[in-house]
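Everything below concerns the one structure shown next.
The values are calculated or read from the model by the stated rules, or taken from the named source; none is laboratory data. What you see is a predicted model, and the numbers here were worked out from it, not measured in a lab. Note that we place each Cβ from the backbone using ideal geometry, even for glycine, and neighbour counts take in every protein chain shown. Ligands, DNA and RNA are stripped out before the accessible areas are found, and what is left, the full protein with its side chains, is counted by its heavy atoms. Shrake-Rupley method; radii C 1.70, N 1.55, O 1.52, S 1.80 Å.
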Amino acid sequence: MNEFEDLLNSVSEVNAGDVVTAEVLTVDNDQANVVISGTGVEGVLTLRELTNDRNADINDLVKPGETLEVLVLRQVVGKDTDTVTFLVSKKRLEARKAWDKLIGREGDVITVKVTRAVKGGLAIEFEGLRGFIPASMIDTRFVRNTEKFVGQEIDARIKEVDASENRFILSRREVVEEAAAEARKEVFSTLTEGSVVTGKVARLTSFGAFVDLGGVDGLIHVTELSHERNVSPKSVVSVGEEVEVKVLSIDEEAGRVSLSLKATIPGPWDGVEQKLAAGDVIEGKVKRLTDFGAFVEVLPGIDGLVHISQISHKRVENPKDVLSVGQDVTVKVLDVNAADERVSLSLKALEERPAQENTEEKRQSKPRRPKRQEKRDYDLPETQTGFSMADLFGDIEL
């Protein structure tokens, strides 16, 4: 017992909490055996006290003969022997130094490494010190897949530092917002209405596609995606696709940019006069019906109107009584107006006029003789002349 006490006293110069220099003797079974410089006392440095990376190989981190600065954690006495060793940590010493670097630095931006995606956010490491970025502070938009950040080095702003509570909170969102504000300012200074720019499709919605112009998201409304009507954004573009768009309007104060994709693509009406002419007979498909007629697609992106009066020689009360959407029809081109983007069509021009209608029209077109006016060949005598009926017809025998 006395010998054991003498052994303990011989290493009294090494105490828990001391920062010491140690030389690595051997590396084996996820731990390194070290000797504390100037004491001859041995210590144990485990993989867990070297790094937060549980999948790391200790042989990649320390080598025999290497000298390390470590923190003494506690004294360990062997069960079967009277040997005394100390558990030491490199990781905790780095964390202590990191705390010293962080105290009073709230608001500063530092570079950290994301180690894990955890419930509610991201676990990060700064010079051996663990910290946390809440999910609401990762980005300007909600991030569903936080795993994509694991292993990355990112810039984040220090929000809270409390060494006593082991509390270290950061925000990446603020850094992203500030970078985006600078990028927006630069982009808006170069954008002009009417210019054609290149961007990348960032996301799709039911009403259009948002395009990243390098810090500013511009909107291509669904009506500006294609020359065709009633298209869905996903049928025209896809996320990540590079597109060339025309700037329609800019509202820097509201941070809005309106774009057009179809303005950069030749339209169906370009050179339509070479494709269609009055008198042409072509095939088409009924696209929609209205009270005043039917719109028939005669070329991709070009719908012509068959007015209700041009559907049939017979009286048509409603186009739906005669035609249906999707029906294939043969029509005659009556007129092509490229300037107003209008094509007039006729169905009845290709039908034979009914015989009854021909007779009726002839009868109606024949000029009527004016009514003959009866001519009087005598004048009735005025009563004041004094003549009687017998005076006029007296020589007629009864």
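What to note about this one:
- Boolean, Ser346 is buried (at least 18 other Cβ atoms within 10 Å of the Cβ), of a type in the set (Gly, Ala, Ser) and modelled with pLDDT of 90 or more: yes
- Residue in region 216-231 that is nearest to Ile302 (Cα to Cα), counting only those that are outside any helix (DSSP H, G or I), touching a residue at least 12 places away in the same chain (Cβ under 8 Å) and open to solvent by less than 50 Å² (accessible area, probe 1.4 Å): Ser226
- Set side by side, the residues Phe142, Phe210 differ, and just one is surrounded by fewer than 17 Cβ atoms within 10 Å (Cβ to Cβ), free of Cβ contacts under 8 Å to residues at least 24 places away in the same chain and of a type in the set (Phe, Trp, Tyr), which is Phe142.
- Checking region 349-372 against the condition returns no match, with no residue being under 28 Å from Pro266 (Cβ atoms), of a type in the set (A, V, I, L, M, F, W, C) and at pLDDT 80 or above.
- One residue stands out among those in region 269-281 that are open to solvent by 90 Å² or more (accessible area, probe 1.4 Å) and in a loop (DSSP other than H, G, I, E, B): the one that is nearest to Glu341 (Cα to Cα), which is Asp270.
- Val176 meets all of the listed conditions (1) touching an Asp or Glu at 6+ places or on another chain (Cβ under 8 Å); (2) surrounded by 18 or more Cβ atoms within 10 Å (Cβ to Cβ); (3) in contact (Cβ under 8 Å) with a residue 40 or more places away in the chain but one, namely (3).
- Candidates are the residues of region 229-263 that are in contact with a helix residue (DSSP H, G or I) (Cβ under 9 Å, 6 or more places away or on another chain) and among the charged types (D, E, K, R); the one that is nearest to Glu193 (Cα to Cα) is Lys246.
- Looking across region 76-132 at every residue that is in contact (Cβ under 8 Å) with a residue 60 or more places away in the chain and open to solvent by 50 Å² or more (accessible area, probe 1.4 Å), the one that is nearest to Ile169 (Cα to Cα) is identified as Arg130.
- Matching residues, region 295-307, being open to solvent by 50 Å² or more (accessible area, probe 1.4 Å) and either aromatic (Phe, Trp, Tyr) or assigned to a loop (DSSP other than H, G, I, E, B) (or both): Pro300
- Verdict on Gly301 being free of Cβ contacts under 8 Å to residues at least 60 places away in the same chain, within 37 Å of the chain's Cα centre (by Cα) and under 27 Å from Val247 (Cα atoms): no
- For the residues Gln310, Gln327, the requirement of being crowded, with 18+ Cβ neighbours inside 10 Å and among the polar types (S, T, N, Q) singles out Gln310.
- Selection count, region 232-268, where residues are open to solvent by 60 Å² or more (accessible area, probe 1.4 Å), assigned to a loop (DSSP other than H, G, I, E, B) and out of contact with any strand residue (DSSP E or B) (no Cβ under 7 Å at 6 or more places or on another chain): 4
- Neighbours by Cβ (under 9 Å, 6+ apart or cross-chain): first from region 262-290, farther than 19 Å from Thr223 by Cβ and of a type in the set (S, T, N, Q); second in a strand (DSSP E or B) and open to solvent by 40 Å² or more (accessible area, probe 1.4 Å): Thr290/Leu305
- Filter result (charged (D, E, K, R) and more than 29 Å from Val176 (Cα to Cα)) within region 212-234: Glu224, Glu228, Arg229
- The number of residues in region 317-333 that are aliphatic (A, V, I, L, M) and under 12 Å from Gly293 (Cβ atoms) comes to 3.
- Selected residue (criterion: surrounded by the most Cβ atoms within 10 Å (Cβ to Cβ)) from residues of region 180-202 that are small (Gly, Ala, Ser) and free of Cβ contacts under 8 Å to residues at least 12 places away in the same chain: Ala181
- Tally of residues being at pLDDT below 90 and either surrounded by fewer than 15 Cβ atoms within 10 Å (Cβ to Cβ) or under 16 Å from Val143 (Cβ atoms) (or both) across region 155-173: 3
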